[in-house]
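Have a look at the structure below, then the notes.
The values are calculated or read from the model by the stated rules, or taken from the named source; none is laboratory data. This one's a predicted model, so the numbers in the text were calculated from it and none came from an experiment. Glycine gets a Cβ as well: all are built from the backbone with ideal geometry, and neighbour counts include every protein chain shown. Side chains included, ligands, DNA and RNA excluded: accessible areas come from the protein's heavy atoms. Shrake-Rupley method; radii C 1.70, N 1.55, O 1.52, S 1.80 Å.
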Amino acid sequence: MSRTTPPRPVDITAVVPQLAPLARPATRLHPRPGTPSPHESSIGGPLLWPADEPWPQCEGPHEWDQLNEALAPDDVRLQRRIRAARATRPDDSTWTAPYTIEEWMRYQRIEGGPWPEGPVALLPVAQLYARDIPSLRPPGQSEADLLQVLWCPFDHPAHPEPALFWRSSADVTETLTAPPEPPVIQFPGYLPEPCLLAPEQITEYPNPMELSSELQRRLEDWRTWQAAGAAVAPSYEPTPRTFYRNELSVAPGWKVGGWTRWGLTDPVPRLCPACGTEMDPLLTIASAEWNAVTLSWAPYEDQARPTPPLPAPQPSNPTMLDLARGYDLQLHLCPASPDHPYTCLVQ
């Protein structure tokens with residue numbers, strides 16, 4: 001499995017050479033449905049977790065959401081399988097029922113569970129081996145070669161609360177084979193589908209709002225793009241800076257490193273709460289790999305495949321996550337010390 005991002009429509013450093021020093025490497029993870037093992041990098045897959053190490057829990061509080069019916073993880077998986085099977089059936093006059101009788105009976109048996117009152121087992125979100133992602137580096141002088149991200153599948157207060165674990169894979173001699181799961185999760189979109197990864201190195205540039213006023217004016221000037229002979233769609237003429245933002249700066253989807261994604265809010269400094277050092281983007285947990293305005297980032301391999309009908313898993317959202325109504329959760333780390341806390345950003 002491999003994924004290839006199409007070349008950007010314009011070499012931005014040829015148009016605005018001042019951006020060249022701001023280039024940063026990023027690794028697009030390209031998660032796609034699969035059956036990962038604990039010895040592979042994955043999203044939502046089994047972790048290489050030591051058998052003698054307690055599985056992490058969230059102590060809460062987990063405030064009751066009376067507008068939402070919490071479901072057990074296995075019930076969410078069952079719902080997804082039934083819906084995917086329904087979506088693959090031929091749409092013709094011989095098939096009129098939305099479900100088979102067996103599917104409907106199984107669907108009707110799914111009921112929301114009681115809201116948890118005590119500690120909740122965390123859910124695996126991502127497992128990343130440094131051998132697969134060369135840009136993945138633990139903070140400080142750690143010899144760890146494996147990053148594991150889990151989260152509590154309840155809002156704290158507006159998104160799941162992640163927990164990060166760095167470890168050396170060579171130190172894990174016996175793996176926990178049946179980790180616990182939370183009794184229920186707040187939203188189905190907080191349970192990632194197991195995915196294998198196809199990491200790809202790309203180059204990113206800052207969101208336009210992070211650039212100097214002078215560079216922003218150049219990007220906003222339609223004559224800048226005309227003089228460079230750039231093939232910019234006419235629809236971008238009223239707001240040329242949007243072309244840079246959508247097509248040339250920060251890649252959509254799951255990624256390691258690169259630049260911070262902004263849009264829900266204006267940029268704010270990401271400073272370590274312990275020492276004040278500027279924090280580095282570590283991991284972007286995405287609700288989608290691309291959308292209507294970032295379609296040019298869709299890999300060649302996915303553009304060549306037909307899109308399955310809803311509600312089957314879509315190429316643009318193979319993990320089936322939905323965070324803050326379609327936004328992304330970005331984790332930042334302090335480069336000064338592995339003991340300093342990470343921060344979360346929803347954009």
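What per residue convex hull volume, in Å³, comes out for the range 214-258 when only alpha-carbon positions are used?
On the way: hull volume 3.9 nm³, N = 45.
About 88 Å³ per residue, rounded to a whole number.
Out of the total accessible area of the chain (probe 1.4 Å, heavy atoms of protein only), what percent is carbon and sulfur? Display every interim value, and only then the final one.
Values: 9060 of 17100 Å².
Answer for the chain is 53 percent, counting heavy atoms of protein chains only.
Can you compute the FRET efficiency between residue 275 and residue 59 using 1/(1 + (r/R0)^6), with r the Cβ-Cβ distance and R0 = 30 Å? Round to the nearest 0.05.
Details: r = 27 Å, r/R0 = 0.89.
Step by step, r from the Cβ atoms, then E = 0.65.
Please report, in debye to the nearest 20, how large the charge dipole of the range 202-347 is about its Cα centre when each Lys and Arg carries +1 at its beta carbon and each Asp and Glu carries -1 there.
Numbers: 10 positive and 16 negative charges, 40 e Å.
Roughly 200 debye for the range 202-347.
Which one, 100, 124, 54, is farthest towards the positive end of the dipole of the range 47-152 when Lys and Arg carry +1 and Asp and Glu -1 on their Cβ?
100
What number comes out for the charge environment of residue 303, summing +1 per Lys or Arg and -1 per Asp or Glu over other residues with Cβ under 13 Å away?
Values: positive: 3, 305; negative: 289, 301, 302.
For residues surrounding residue 303, the net value is -1.
Toward the positive end of the charge dipole of the range 133-217, about the Cα centre and with charges on Cβ (Lys, Arg +1; Asp, Glu -1), which of 186, 196, 170 goes farthest?
186
Packing-wise, with mean Cβ within 10 Å as the measure, how do 76-86, 1-11 rank, highest first?
76-86, 1-11
Please report the net charge: other residues with Cβ closer than 10 Å to the Cβ of residue 328, K and R +1, D and E -1.
Net charge in that neighbourhood comes out at +2.
For residue 89 and residue 213, compute 0.36 nm times the residue count separating them, minus their Cα-Cα distance, and round to one decimal in nm.
Working: separation 124, 0.36 × 124 = 44.64 nm, distance 5.41 nm.
Once the chain is fully extended between residue 89 and residue 213, it gains 39.2 nm.
Could you give the length gained by full extension between residue 201 and residue 74, i.e. 0.36 nm per residue of separation minus their alpha carbon distance, to one decimal place?
This chain segment gains 42.2 nm when fully extended.
Please work out the Cα convex hull volume for the chain and give it in Å³ per residue.
Hull volume over Cα atoms, normalised by residue count, gives 169 Å³.
With a 1.4 Å probe and every protein chain left in place, work out the accessible area per residue of the range 78-171 in Å², rounded to a whole number.
Result: 54 Å² per residue.
Counting pairs of Cα atoms in the range 16-160, how many percent are more than 27 Å apart?
Every Cα pair in the range 16-160 considered, those over 27 Å come to 48 percent.
How big is the dipole moment of the range 102-156 about its Cα centre under a simple scheme where the beta carbon of each Lys and Arg is +1, that of each Asp and Glu is -1, and everything else is neutral? Debye, nearest 20, please.
Details: 4 positive and 8 negative charges, 29 e Å.
Result for the range 102-156 is approximately 140 debye, rounded to the nearest 20.
Mind checking the dipole of the chain: about its Cα centre, +1 per Lys or Arg Cβ, -1 per Asp or Glu Cβ, Debye to the nearest 20? Intermediate results must be reported in sequence, preceding the final value.
On the way: 26 positive and 42 negative charges, 227 e Å.
My answer is approximately 1100 debye.
May I ask which residue of 79, 320, 291 lies farthest towards the positive end of the charge dipole of the chain, with charges of +1 (Lys, Arg) and -1 (Asp, Glu) on Cβ and the Cα centre as origin?
Result: 291, furthest along the dipole toward the positive end.
How big is the Rg/Rh ratio for the range 179-266, C-alpha atoms only, Rh by Kirkwood, two decimals?
Computed over Cα atoms, the ratio is 1.15.
Each label point is 7 Å from the Cα along the Cα-to-Cβ direction; what then is the distance between the points at residue 156 and residue 237, in nm?
Between residue 156 and residue 237, the simple spin-label model gives 5.1 nm.
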